[in-house]
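Down below is the structure, laid out as structure tokens.
The values are calculated or read from the model by the stated rules, or taken from the named source; none is laboratory data. This is a predicted model, so every value here is computed, not measured. Glycine gets a Cβ as well: all are built from the backbone with ideal geometry, and neighbour counts include every protein chain shown. Keep in mind that these areas ignore ligands, DNA and RNA; they rest on the heavy atoms of the full protein, side chains included. Shrake-Rupley method; radii C 1.70, N 1.55, O 1.52, S 1.80 Å.
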Amino acid sequence: MIDLAVLKGSSFVVLGLARSGLATVRALTAAGIDCIAWDDNALSRDEAAKAGARVAELSTVDWSGVTALVMSPGIPNRLPEPHPAAVAARAAGKSIICDVELLARAQPEARFVAITGTNGKSTTTALIGHILQDAGLRCEVGGNIGRGALDLAPLGEGGIYVLELSSYQLELLQTFRANVAIWLNITPDHIDRHGDLAGYVAAKKNIFARQRAGDCAVIGTEDEPSRTVEREMAARTGIACVPVALDRPVAGGVSYRAGMLVDADGYTVDFSDVPTLPGDHNAQNAACAWATCRWLDVPREWIVNGLKSYDGLPHRQERVAAVGRVVYVNDSKATNADATARALSSYRDIYWILGGQAKEGGVAPLAPWFDRIRHAFLIGEATELFAGQLDGKVSYSRCGDLKSALDAAHALAQREATGPAVVLLSPACASWDQWKSYEHRGDAFRAMARALPGAESLGRAA
């Protein structure tokens, strides 16, 4: 837990008591700091009270004695409609921040590596953390992945925090400074929270706020908003800007293609034999991790070792089982078409399980990869929508639920696959029609796949 004693004498209101909110309450109360907490969930309120917070309806708070509102990033503070507590805090002239801001204030001597982007954040964050830890550096990984920021260990001078940061978190930072800021990519997302694409990009650009001479910005350049940001950062004095580009030389940067990357001086890394980093998108993640770790003076051979020993993340193209030449891949984290495109582009001879609660546009944008699909197996609420979008383009079956879809995909793949093939759960949908979360859905798929006759378990233990 992070020691917040440096904030002694302050008073905070904590709104939202899930993982990061409860960690914030525990850290504040452990440091003897006054804390008022609220969540709509009664069980969460009880946990906060047990930790020593004063639980109170925030409409009753006297904001004159409050230092700041610490808000769960998932709760709207401006759009589409601000939470009443955010309105009250602003009216009283109080700051609205998140737990990452408190971490930065409590650990000013540590270094911070921050990662953002629409896709690839979690993999890049975990990969950088893995490489640094493998190299023997004192490093903690968290933020929007894994543990909340205040549940991390105090590191002090010489320590490195590797943090995945969403646009929601970035707009709630005031003093946080990224010594290395990684910007992966931008596609339209969370528009309801930011108003439009420009608002989303503006929130993401906060990752570069307060960087100064000697800091580094690593920027993927495969979409126009990202190229604009790269040009802006390249023009800032004193900040090293490292562009990362697909399959083309880039001055002072890193180029990549699936399984390969080339550094600015021509040094080449081949990681094509690493099954946890398939496809161009994972090569971009690896290239950004490479650039970051090189900036942090990690020797090249240690970075290569880290790339090749990376286990991958659950639910993100996670190889969970194999039966003969057919591999079963859990990509339950792919809750929209853009994320699923990354999986489809990584394999051929795909038996594709998809469906759930559909996002806008459905799977129509995935047409460029339809020739890779041997058969599609439809589940959940999106079945009829997807059937209409696939009709005449991809053969499909209506399966209803995940178990029926897996059984059907397994039977067909085992019957007709003559070479390497993939049974791929990449739903392009939210999970809430049939599951508690994408993790719940992915855990179920992993267990079902490993229970198939003759299955060999792959990857991490359940």
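Points to keep in mind about this one:
- Counted residues, segment 47-90 - those being over 17 Å from A23 (Cα atoms), touching a helix residue (DSSP H, G or I) at 6+ places or on another chain (Cβ under 6 Å), in a loop (DSSP other than H, G, I, E, B) and hydrophobic (A, V, I, L, M, F, W, C): 1
- Taking the numbered list (1) in contact (Cβ under 8 Å) with a residue 60 or more places away in the chain; (2) under 24 Å from the mean Cα position of the chain (by Cα) in turn, K308 passes all entries but (1).
- Residues that are touching a strand residue (DSSP E or B) at 6+ places or on another chain (Cβ under 8 Å) and in a loop (DSSP other than H, G, I, E, B), drawn from segment 23-46: I33, D39
- Yes/no for L17 being assigned to a helix (DSSP H, G or I) and touching a residue at least 12 places away in the same chain (Cβ under 8 Å): no
- All positions within segment 363-386 that are out of contact with any helix residue (DSSP H, G or I) (no Cβ under 7 Å at 6 or more places or on another chain), under 22 Å from D349 (Cβ atoms) and hydrophobic (A, V, I, L, M, F, W, C): A367, F370, I373, F386
- Of all residues making up segment 4-14, the number that are assigned to a loop (DSSP other than H, G, I, E, B) and either free of Cβ contacts under 8 Å to residues at least 40 places away in the same chain or surrounded by fewer than 14 Cβ atoms within 10 Å (Cβ to Cβ) (or both): 2
- Among the residues here, R450 qualifies as among the basic types (K, R) and either in contact with a helix residue (DSSP H, G or I) (Cβ under 6 Å, 6 or more places away or on another chain) or surrounded by fewer than 22 Cβ atoms within 10 Å (Cβ to Cβ) (or both).
- Residue match in segment 394-415 (condition: in contact (Cβ under 8 Å) with a residue 60 or more places away in the chain and of a type in the set (F, W, Y)): no
- Only listed residue being within 22 Å of Q317 (Cβ to Cβ) and open to solvent by 50 Å² or more (accessible area, probe 1.4 Å), chosen from R231, R257: R257
- Residue within segment 429-436 that is in contact (Cβ under 8 Å) with a residue 40 or more places away in the chain, under 21 Å from H281 (Cα atoms), part of a helix (DSSP H, G or I) and open to solvent by less than 30 Å² (accessible area, probe 1.4 Å) present: no
- Any pair with Cβ under 9 angstrom, 6 or more apart, that starts in segment 127-141 at a residue that is free of Cβ contacts under 8 Å to residues at least 60 places away in the same chain and ends at one that is basic (K, R) and surrounded by fewer than 24 Cβ atoms within 10 Å (Cβ to Cβ): E140/R147; V141/R147
- Pairs are defined by a Cβ separation below 6 Å, a sequence spacing of at least 6 or placement on different chains, a first member in segment 282-297 that is under 14 Å from C241 (Cα atoms), and a second member that is part of a helix (DSSP H, G or I) and open to solvent by 10 Å² or more (accessible area, probe 1.4 Å); no pair meets this definition.
- Matching option when the condition is more than 19 Å from A444 (Cβ to Cβ) and more than 26 Å from the chain's Cα centre (by Cα), among G361, G419, G400: G419
- Failed item in (1) among the acidic types (D, E); (2) over 20 Å from the mean Cα position of the chain (by Cα); (3) over 27 Å from S395 (Cβ atoms), with E439 passing the rest: (2)
- Scanning segment 347-392 for residues that are over 26 Å from D189 (Cβ atoms), in contact with a Phe, Trp or Tyr (Cβ under 8 Å, 6 or more places away or on another chain) and open to solvent by 40 Å² or more (accessible area, probe 1.4 Å) gives a single hit, R374.
- All helices (runs of 4 or more DSSP H) inside segment 97-200 with 1 or more residues being open to solvent by less than 40 Å² (accessible area, probe 1.4 Å) and in contact with a Leu (Cβ under 6 Å, 6 or more places away or on another chain): 99-106, 121-134, 191-194
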